[in-house]
1. Which of these, A:375, A:212, A:124, has the largest mean-square fluctuation under a Gaussian network model of chain A (Cα springs below 10 Å)?
2. Have a look at A:168, A:160, A:352 and tell me which one the Gaussian network model of chain A (Cα, springs below 10 Å) gives the largest fluctuation.
3. If the cut-off is 19 Å between C-alpha atoms, which aspartates and glutamates fall inside it for residue B:76, apart from same-chain ones fewer than 8 positions away?
4. Just round it to a whole percent: the fraction of Cα-Cα distances in segment B:202-277 exceeding 19 Å.
5. Determine the principal axes of the Cα atoms in chain A, then give the extent along each, sorted from largest to smallest and rounded to whole angstroms.
6. Output the pairs from A:137/B:157; A:357/B:260; A:395/B:100; A:272/B:248; B:155/B:225 with a Cα-Cα distance over 30 Å in this structure; if there are none, say none.
7. Compute the distance in nm between two label points, each set 7 Å from the Cα along the Cα-to-Cβ direction, one at residue A:360 and one at residue A:320.
8. So if we plug the beta-carbon distance of residue A:220 and residue B:36 into 1/(1 + (r/R0)^6) with R0 = 51 Å, what FRET efficiency do we get, rounded to 0.05?
Amino acid sequence: MKKILAKTTRRDFLAASATGATAFTIVPRNVLGAPEVPPSEKLGGALIGCGGRGPGTYSGMCKDLNVELLAACDVDIRKAQRFADSRNKGKAKAYQDFRRLLERDDIDVVSIATPPHWHASISIAAAEAGKDVLCEKPMTRFIAEGRAVVNTFERYDRVFQIGTFGRFGRSRDRGSIDKHKIMASGLLKNCEAVRMKRGGLKIRQWSGRPGIPPQTIPDELDWDLYCGPSPWKPYEGRRTGGTHRGYWDYEGGGMCDMGQHHFDPEQWTYAKDYTSAVEITPFAPPAHPEVTGMWAWVELKYADGFRFVMESTEWGPKYDQAPIRDVSMNDLSPENQEKIKAMPDPEPLLSFGEAVKQRKKAGGHAEAAHRAACILHLANLAIRLGRKLNYDPDKEVFVNDEEANRFLHPPMSAPWRL
Amino acid sequence: MNAKDIIQAFPTPASGGILSTIDKEACEKAVGQILDGGEKTLRELANLLVEPGKGNDIQARHALHATAIRVGGPAKAKQRKAFAKALAGTLGDDRPKAVKGFILRQLQICAGNEQADAIAAFLTDGDEHLHEYSAQALEAIGPSTTDHFRKAYPKAKGAPRLTVLQGLGFLRDEKSVKVFRSASKEKDLEIRLAGLWSLVRIASTEDVQFLLDTAAKEEGWGRIKATGYCLQLAEALAGAGKKKEAAKLYQNLKKNRTSKNESHVRLACDKGLANLK
């Protein structure tokens, strides 16, 4: 199905508007933000990864937009067919291979809800195919993937929004806005704030079960495609269907499952969308090679002294390295407090739908999502490596630790590559 | 102490099948004992590994991995080299291929160029995905391993061939430029794309026209990816100060990606050209 605007396609409009060549008269109403978008201005939508969070993520993507589901994809073709039939029977087509779906030129917006080891590769391919993307969290499986996603969306000026939305509330909250301004101002030197996330990261719930014998691959599942860019392993059911979270190959335990929800809004509040921690200190026992497991706490310290701490509460001792305290105006001199008061508030964050209409960055854009994912990945790497890590947030490499750097861009299984 | 006793410090699955009863101090001590035991203890440990589904080696895998991890990091080069040498030595033993796959994955974490010979022996072995684990371990070691990929490529068939080709590209092997160009013209789409991607990784001005011509022949998924590679090459050249060649790529793509569903490519070209000014 082709969605056509009155005199031009949406793609024509987007291309022309970005180069400043569009006449006002052909601007479609949805782009101008009219409350009602006529049926003729529908966008073609697709969902890739139809189990678990898939349907909810797709619905979230459609908010503020007029979208018709045209395609659904899953390595388990039954799930794709079920979702396609449930939302647009007879019109939406089911796929098992996302490449065939992305080849279609009538799909404008794609929701990605596969396990995280696929998020980056599919997001990148979708942008290369000209689609806007709402991608489930966590954004990536490893750090180099995030940078590649950022670069690709920047290259094509496509809209990316991560599937967590806590920062939108923070951006409207007076207290959070004030903290954001203090931190963004750069006026606070040697920041002593320590922000603690205690519990809630589902450590035991998303710990993997080691030693499960290989099982027969179900007929409807393309197991090689499921493994995709991650190292191939023999099939066993717990590697799929939600319990994939317990395997390093696909996600990274409760840290990655819940961490982006928690730290994405924190990252906005404390103005860390464009940087990462410089020192990461863990307290954790040796990690298992395949499955995620126990840890006690991780401290991530930024260049300005600010610290995020996560404490599992499900294993080991409590964090005891520094007192927990927030940022406040009292941390600044009276003169600097006046400067903060004079600073304008940050621009309102745009939802995915508004960003698509206005061709602007969404509130949870790729760079911010990548930096939030880096919090989780750096914490998990410190847990897995069992040592303090020093990180260069500009070059995105560990300092003087060649073995740790091997985890930042682990080689991918062919034909997948960044 | 023998390896079987040492690894008892590592947990077995508790309630829910997870490793929640792990004792950090005991495990760290066990890692020290494995290292103190040297090659003999390490071989004992490797002998405790079994094929998935053929027995319980949860503690042995955990202990071996923990040791491979803990010999890494600053100021541990001597310890890491000794451990990696001994671990690579176990690849020559008579073991199930799935076990060798696990050992290769541990070498990916800790091995150096000294272990490349032992690892590369599996580059063309498609059983149990050994070629993949071997390639990934060599890629982790770095560009010093390109000789092994170059030697393996003519012998590799099927999945290993693509993996080896991609490995050469990952490592940016300039000596393989002809191989990459040749691969870019093959029948198999994935081989073609791996060839083009590899050329982009090297980012030579000499491949500008070749990439444009080759990418223009692709359709569907191949065209999407190949066009993306052209844009990446333009960015790489622009970053290296080769603005004329970068502009050529952008202008060519802008002129030739004319279909409605390629408007985003034209947009990217306009943006790229603007950035060159």
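The values are calculated or read from the model by the stated rules, or taken from the named source; none is laboratory data. For clarity, every value in this text was computed on a predicted model and none was experimentally measured. Because the Cβ atoms are built from the backbone with ideal geometry, glycine has one as well, and the counts that use them run over all protein chains shown. Each accessible area value is taken on the protein alone, full model and side chains, heavy atoms only, with ligands, DNA and RNA left out. Shrake-Rupley method; radii C 1.70, N 1.55, O 1.52, S 1.80 Å.
1. Greatest mean-square fluctuation among the candidates belongs to A:212.
2. So, out of A:168, A:160, A:352, the one fluctuating most is A:168.
3. Output for residue B:76: A:401, A:402, A:403, B:28, B:36, B:39, B:114.
4. 25
5. Dimensions of chain A along the principal axes of its Cα atoms: 62, 61, 33 Å.
6. Exceeds cut-off: A:137/B:157; A:395/B:100; A:272/B:248.
7. That separation, rounded to one decimal, is 5.0 nm.
8. So the FRET efficiency works out to roughly 0.50.
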